[in-house]
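**Student:** Sharing a structure below in structure tokens format, with a few things to ask.
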Amino acid sequence: MANPTDPPPERFRAELDDGRIVETDGSTVTDPESGAAVPAVLLRMSRTQAHVLAHILDDWCRVALVFATLRSSEVTERALAWTLEAGAAAAGDPEATRCAIRVPGTPPVVQRLAAAAVLREREQRISPVQRIAVVDAAARWLAEDAGEELARALLEAVCSETTTANFAYLALIDRLGMSA
């Protein structure tokens with residue numbers, strides 16, 4: 001809970017010419033460094049703009065890796081880029097859908113997002129980029145003949161509990177969106 005002596009955050013709203021909206025609405029998010037609730041800044045955009053931004057962030061992440069050193073501690077924004085692209089695909093952007101489905105026969109983006117959400121909820125020790133890597137690798141195994149066993153083995157190796165691996169696996173294979 002916020003300190004009651006702190007002044008209330010200012011409301012802000014800017015509508016850009018291209019339809020994007022940047023605003024503060026009084027909602028909060030958890031600051032990853034302090035764990036405290038801090039005011040959220042919201043960016044609203046079309047699914048096509050989200051797809052374009054995902055590619056910009058992904059390109060930036062690739063460039064940032066060129067300058068990485070052994071002492072680098074900055075986390076890239078690859079997880080945000082992947083999630084923006086997945087969100088754009090889930091919202092029906094045709095270009096994002098083509099990008100998100102990199103391997104024919106893999107579970108659709110909505111199912112991969114659901115599996116990543118299971119890992120986020122139940123495996124806090126796994127970083128966002130690691131979640132993406134695990135979910136996408138398991139999804140690729142599912143596209144192979146008899147790959148179900150390998151996908152489950154990967155999830156079981158990564159997850160601290162078999163139950164978590166089961167929930168993530170079910171999210172990947174559940175076409176109705178009914179799993180955990």
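The values are calculated or read from the model by the stated rules, or taken from the named source; none is laboratory data. Keep in mind it's a predicted model, so treat the numbers as computed, not measured. Note: ideal-geometry Cβ built from the backbone for every residue, glycine included; neighbour counts use all protein chains shown. For the accessible areas, the whole protein counts, side chains as well, though only heavy atoms, and no ligand, DNA or RNA atoms are used. Shrake-Rupley method; radii C 1.70, N 1.55, O 1.52, S 1.80 Å.
Residues checked against (1) over 11 Å from Ala168 (Cβ atoms); (2) open to solvent by 40 Å² or more (accessible area, probe 1.4 Å):
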| site | (1), (2) |
| --- | --- |
| Ala88 | yes, no |
| Ala115 | no, no |
| Leu119 | no, no |
| Arg125 | yes, yes |
| Trp141 | yes, yes |
| Gly147 | yes, no |
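**Student:** Sticking with this one: Which of the following residues is farther than 18 Å from Gln130 by Cβ and either at pLDDT 85 or above or out of contact with any strand residue (DSSP E or B) (no Cβ under 6 Å at 6 or more places or on another chain) (or both): Val118, Val110?
**Tutor:** Testing whether each residue is farther than 18 Å from Gln130 by Cβ and either at pLDDT 85 or above or out of contact with any strand residue (DSSP E or B) (no Cβ under 6 Å at 6 or more places or on another chain) (or both) leaves just Val110.
**Student:** On to the next question. Out of all the residues in region 17-29, which are open to solvent by 70 Å² or more (accessible area, probe 1.4 Å) and modelled with pLDDT of 90 or more?
**Tutor:** Within region 17-29, Arg20, Thr28, Val29 meet the criteria.
**Student:** Which members of region 40-57 meet the condition of being polar (S, T, N, Q) and farther than 16 Å from Val22 by Cβ?
**Tutor:** Across region 40-57, the qualifying residue is only Thr48.
**Student:** Filter region 31-40 down to residues that are loosely packed, with under 13 Cβ neighbours inside 10 Å and touching a strand residue (DSSP E or B) at 6+ places or on another chain (Cβ under 6 Å), then give me how many there are.
**Tutor:** 1
**Student:** Can you confirm whether Ala79 is touching a Pro at 6+ places or on another chain (Cβ under 7 Å) and closer than 28 Å to His55 by Cα?
**Tutor:** Considered against the rule, which asks whether it is touching a Pro at 6+ places or on another chain (Cβ under 7 Å) and closer than 28 Å to His55 by Cα, Ala79 comes out as yes.
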